1. Residue by residue through region 315-334, note down the ones that are among the acidic types (Asp, Glu) and without any contact (Cβ under 8 Å) to a residue 12 or more places away in the chain.
2. Taking the options Leu273, Leu282, Leu293, name whichever one is free of Cβ contacts under 8 Å to residues at least 60 places away in the same chain and open to solvent by less than 20 Å² (accessible area, probe 1.4 Å).
3. Could you check, for region 293-310, whether at least one of its residues is in a strand (DSSP E or B) and in contact with a helix residue (DSSP H, G or I) (Cβ under 6 Å, 6 or more places away or on another chain)?
4. When residues of region 172-191 are filtered for being free of Cβ contacts under 8 Å to residues at least 40 places away in the same chain and not in a loop (DSSP other than H, G, I, E, B), how many remain?
5. Inside region 145-171, can you point out the residues that are under 26 Å from Leu273 (Cβ atoms) and assigned to a loop (DSSP other than H, G, I, E, B)?
Amino acid sequence: MDGTDRHPLSEDDFALVHALQLHPRASWAGLGPVLDAAPVTLARRWARLQGSGHAWISCYPVVGEDAMQVALVEVDCAPGRLAGVAAALDSEPSVMTIEYAARGRDLLLTVNAASFTELSGLVLDRIGRVAGVASVRTHLASRVHREGSRWRLDALDARQVAAVRALRRADTTPQAGGVDLRGPVYAPLVRELCADGRESAAELAARVGRPASTVRRQLSALVRSRALVFRCEVAQLLTRWPICVTWWIRLPTAAVEAAVRRVRTDPRVRLCLSLTGPENLLLTAWTHSLGELVGMQSALERSLPQAQIVDTSVILRTRKRMGWLLHPDGRATGTCVPVFPG
């Protein structure tokens, strides 16, 4: 797909999305000179993209060993129960992503929890007991090397990318000390931001019933704490990379770090996890075509001679991504189940 004649997104739309991938909460005034557009034009353009579900901004707590616990869960369903199982999982906040897989499993879930104990309860007591679930297989993530917030379109030139990154550095100077995302002060704000990562202090204040000046300080502390990930998404089928694939890879433990360094340089890679178990590295990538997928797999095998690609799973459709429910064509429905464990 090219950005001009197969779908309603223009090159200017892609440039705006790319800029917001780099700095999701950038002001329209700040982006105006970079994108050579008036702030009011950018605001209208974003409102159109967001309203149509072609692009949106999600927000969720940072994942990591001392933050959210993450796992990949393969789900097999009883005959005729796939649709019901998927619908039941839609409203589960700890199920961040739901994907229909081409082979080996009916559904592939990305799940999170605030602790290992809660993660165990999620898989065993909630997912495992959904009516129609025949079996589950859980792969615990021991380390997140790369995730979807780092994936980029290629709509901006190097000068524009540098300008937006400079704008982000100026806007989000890190703040010493953490914030309690689950405490009474910040939890209501985080839940609102999960549904719209660009909400202003005034909009948040109206939703949570606090003075705007108070929320402005609290929002600044949240953003500067780097405890939240703000992520600009785009409907995948409208990009030049409509095919999503996940590879399950087995490597000697000592070779994992070098492998990660190699694969992180490929801009098509959206997710890279170290897993417990024999398949100890997982990669998810977006590719232009099935042919490119095969070529990328061959390149992986050449560049990682110690690796064994145990399984390849092409995603047929994404039903939910980081809390947002999606239409079959990949557009956001406007319904978000906040990704906020605990």
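The values are calculated or read from the model by the stated rules, or taken from the named source; none is laboratory data. Note that the structure is predicted; figures quoted are calculated from it, not measured. With ideal geometry, Cβ positions are generated from the backbone for all residues, glycine too; neighbour counts draw on all protein chains shown. Note: areas computed on protein heavy atoms with side chains; ligands, DNA, RNA excluded. Shrake-Rupley method; radii C 1.70, N 1.55, O 1.52, S 1.80 Å.
1. Taking region 315-334 as the starting set, the residues that turn out to be among the acidic types (Asp, Glu) are 329.
Correct list: empty.
2. Within the list Leu273, Leu282, Leu293, the selection yields Leu293.
3. In the first step, residues of region 293-310 are kept if they are in a strand (DSSP E or B); the result is 308-310.
Next, from what is left, pick out any that are in contact with a helix residue (DSSP H, G or I) (Cβ under 6 Å, 6 or more places away or on another chain): none.
No, every residue in region 293-310 fails to be in a strand (DSSP E or B) and in contact with a helix residue (DSSP H, G or I) (Cβ under 6 Å, 6 or more places away or on another chain).
4. The total comes to 2.
5. The initial filter retains those residues of region 145-171 that are under 26 Å from Leu273 (Cβ atoms), namely 145-154, 165, 168.
Glu147, Trp151, Arg152, Leu153, Asp154 - these are the residues of region 145-171 that are under 26 Å from Leu273 (Cβ atoms) and assigned to a loop (DSSP other than H, G, I, E, B).
Residues are listed down the side, and each one gets a yes or a no for (1) open to solvent by less than 60 Å² (accessible area, probe 1.4 Å); (2) in contact (Cβ under 8 Å) with a residue 40 or more places away in the chain; (3) in a helix (DSSP H, G or I):
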residue: Ile57; (1), (2), (3): yes, yes, no
residue: Val70; (1), (2), (3): yes, yes, no
residue: Pro79; (1), (2), (3): no, no, no
residue: Ala86; (1), (2), (3): yes, yes, yes
residue: Leu108; (1), (2), (3): yes, yes, no
residue: Thr117; (1), (2), (3): no, no, yes
residue: Leu124; (1), (2), (3): no, no, yes
residue: Ala141; (1), (2), (3): yes, yes, no
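Residue by residue, here is whether (1) of a type in the set (Asp, Glu); (2) modelled with pLDDT of 95 or more holds:
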{"position": "Asp2", "(1), (2)": "yes, no"}
{"position": "Val70", "(1), (2)": "no, no"}
{"position": "Val75", "(1), (2)": "no, yes"}
{"position": "Val95", "(1), (2)": "no, yes"}
{"position": "Ile98", "(1), (2)": "no, yes"}
{"position": "Leu108", "(1), (2)": "no, yes"}
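Rundown of residues vs (1) modelled with pLDDT under 95; (2) touching a Cys at 6+ places or on another chain (Cβ under 9 Å); (3) surrounded by fewer than 16 Cβ atoms within 10 Å (Cβ to Cβ), yes/no style:
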position	(1), (2), (3)
Arg6	yes, no, yes
Val34	no, no, no
Leu49	no, no, no
Ser52	no, no, yes
